[in-house]
Structures are given as structure tokens and as C-alpha cells.
1. Please pick out the residue among B:Lys40, B:Lys35, B:Lys48, B:Lys118 that is within 26 Å of A:Ala9 (Cα to Cα), within 12 Å of chain A (Cβ to nearest Cβ) and either over 17 Å from the mean Cα position of the chain (by Cα) or free of Cβ contacts under 8 Å to residues at least 60 places away in the same chain (or both).
2. Can you name the residue in the range B:72-102 that is of a type in the set (A, V, I, L, M, F, W, C) and within 22 Å of B:Lys48 (Cα to Cα) and is also surrounded by the fewest Cβ atoms within 10 Å (Cβ to Cβ) among such residues?
3. Right, A:Phe43: hydrophobic (A, V, I, L, M, F, W, C), outside any strand (DSSP E or B) and touching a residue at least 40 places away in the same chain (Cβ under 8 Å) or not?
4. Which residue pairs have Cβ atoms under 6 Å apart, sit 6 or more places apart or on different chains, and have a first residue in the range A:18-35 that is without any contact (Cβ under 8 Å) to a residue 60 or more places away in the chain and a second that is among the acidic types (Asp, Glu)?
Amino acid sequence: MKIRVKYFASFREKTGKREEEIECVPGMRLQSLVNSLKEKYGFGPRILISLNHEFGKNEELHDGDVVALFPPVSGG
Amino acid sequence: MIRITRNDFSIDIEIRNLKRKSCGALCIFVGTVRKEQGLKEIEIETYKDMAERNLLEIEKKALKQFDIKRATIIHRTGSFALGDNILFIGVSAGHRKAAFAACRYILEEIKKNVPIWKKEIFEGRERWVM
């Protein structure tokens, strides 16, 4: 199954990309995908995760899901 | 009403849109770019799809939790110079207490839960605000 992963702010700069498509095994959970991306790109511990535009925890992933990784927010 | 936009807002127009005959209080907060040593400009990046959803949710909760009539939230995105407007929050209510409380609630929720980031650009260096 294919998962679209988006990166924002310092994470976008670190990866050098706004988004990418990742092939995942069926039944994979969010945290497992995030851990592999942390390892690949060296993201620090302060990381926020969203799944289909809502903050995510460790949900099961499904084909076509949109995941986003980004640092703590600083708007306002 | 919520909006994420590159364009500036008119405080007068937003106030006019918030006013109701039944409202005796109107509280607004305007966030602007603050002068800091060596700061040239700031950039604001958003995850627009998610930020719009979260702002709508904050507006909905504010209307439910506080005795207010209307709320307006506008966050700008793009590059900004010192003094530029970046955020407008406006709340109209029957009385001041609810208007102040709702305005503060909306601001604090934005700072915690909306995917928006600021980057400060200085002469020869830059940093993401954490």
C-alpha cells in the first residue's frame, strides 16, 4: 500500500522534499513508519505527527493515507 | 469565520463584520512582527489543509464554551517585514468578560495546536522559532 508523507518547516529543509510516497506493508502502524523515517532522516525527539489532517498516535495505516511530520508549532 | 491568507487584513472591515446590535463588547488581538536585534524579516509556513481544519475546530469550541456571538481568525502566511500584521483574532459578545476570555482562548489554542511555523531571518543566519 502507498502512503503519502509530507514534511514541513525544519523537517522539509532536513529532508530536502515537501513530500514523498512510501510503500508500506499492509497493517503497518503509524509509529512504525515514523520510526523508520526518524532513522532515515535523523529527526530529533521533538516531532509532531498527523494522519489525514488530524494529530495521530499509532493508528493502523491504510492505502492512500496522508501522514505529515513536523516540528512543534509556532504560529500566532 | 477563519482564513489563512497571504493578503493583509483590514482591521476596520473585520470589526464591522463582527459587530452585532446585541453585542456590547468586541475584543480583538492583532499579532505583528516584533523588532529584534538584526532581524530582517520573518517567514510563516503553514500546513494549510490541517491548519484550516484546526482553526475551524477552535472557532467552533470557542462559540460553544463562551457566551459570544461571533469569532474571526485570520492567520497570514508568506514573508513579512517588521511591524507587518500576521494574525487577527476578533470576538464579539454581549459582555466584556466572555469576549476577553474567548479571545485569549483562541490565541493560546493557535499557539499549541495549529500547524503554523515562523522562521526568523537575520543578516547571514536564520532560525525556526520553537
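1. B:Lys48
2. Filtering the range B:72-102 for residues that are of a type in the set (A, V, I, L, M, F, W, C) and within 22 Å of B:Lys48 (Cα to Cα), the one surrounded by the fewest Cβ atoms within 10 Å (Cβ to Cβ) comes out as B:Ala81.
3. So A:Phe43 fails the test.
4. Between residues of the range A:18-35 that are without any contact (Cβ under 8 Å) to a residue 60 or more places away in the chain and residues that are among the acidic types (Asp, Glu), the close pairs are A:Arg29/A:Glu60; A:Leu30/A:Glu59.
Yes/no per residue for (1) touching a strand residue (DSSP E or B) at 6+ places or on another chain (Cβ under 6 Å); (2) at positive phi; (3) hydrophobic (A, V, I, L, M, F, W, C):
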{"position": "B:Arg6", "(1), (2), (3)": "yes, no, no"}
{"position": "B:Asp12", "(1), (2), (3)": "no, no, no"}
{"position": "B:Cys23", "(1), (2), (3)": "yes, no, yes"}
{"position": "B:Gly38", "(1), (2), (3)": "yes, yes, no"}
{"position": "B:Ala99", "(1), (2), (3)": "yes, no, yes"}
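We did not get these values from a lab; they are worked out from the coordinates using the rules stated. Everything quoted here is computed from the prediction, not taken from an experiment. No Cβ is skipped: glycine too gets one built from the backbone with ideal geometry, and neighbour counts run over all protein chains shown.
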